[in-house]
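To start, the structure under review is shown below, and the notes come after it.
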Amino acid sequence: MTTETEIQDTLMSLIENLADARDEGEGEDDDIALADIARDMVADAEGWASARSFQDVAMLTANAGVVLRMSDGSEFQITIVKSR
């Protein structure tokens, strides 16, 4: 079963990969690098079944967020709060 720390680490990796993709988009071998980054992102998200916004699932909250469902049936709620 997936843990909260695994979700946290995967989200961090996905965000870092997106930042790398943005930077690589301006390089000479950008197609190869972007394909490698895309493969890394797919591997990182293994086991994820779906992601839906709080609004889409009618979550009773005023916060923005995402409900992440895993292929093993577990579910995580990720709340997005602006801090500054």
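The values are calculated or read from the model by the stated rules, or taken from the named source; none is laboratory data. Bear in mind that the values here come from a model prediction, so they are computed numbers and not experimental data. Glycine also receives a Cβ, built like all others from the backbone with ideal geometry; neighbour counts cover every protein chain displayed.
Got at least one residue in the range 6-20 being acidic (Asp, Glu), assigned to a loop (DSSP other than H, G, I, E, B) and surrounded by fewer than 13 Cβ atoms within 10 Å (Cβ to Cβ)?
As a first pass, look at the range 6-20 and keep what is acidic (Asp, Glu): 6, 9, 16, 20.
Pick out the ones that are also assigned to a loop (DSSP other than H, G, I, E, B) and you get none.
No; the residues of the range 6-20 include none that is acidic (Asp, Glu), assigned to a loop (DSSP other than H, G, I, E, B) and surrounded by fewer than 13 Cβ atoms within 10 Å (Cβ to Cβ).
Taking the criterion of being among the basic types (Lys, Arg) and part of a helix (DSSP H, G or I), the only residue of the range 31-63 that qualifies is Arg39. Taken together, Ile32, Ile37 contain a single residue that is more than 19 Å from Gln8 (Cβ to Cβ), exposed (fewer than 15 other Cβ atoms within 10 Å of the Cβ) and either touching a Phe, Trp or Tyr at 6+ places or on another chain (Cβ under 9 Å) or in the same structural domain as Asp9 (by TED's automatic domain parsing) (or both), which is Ile32.
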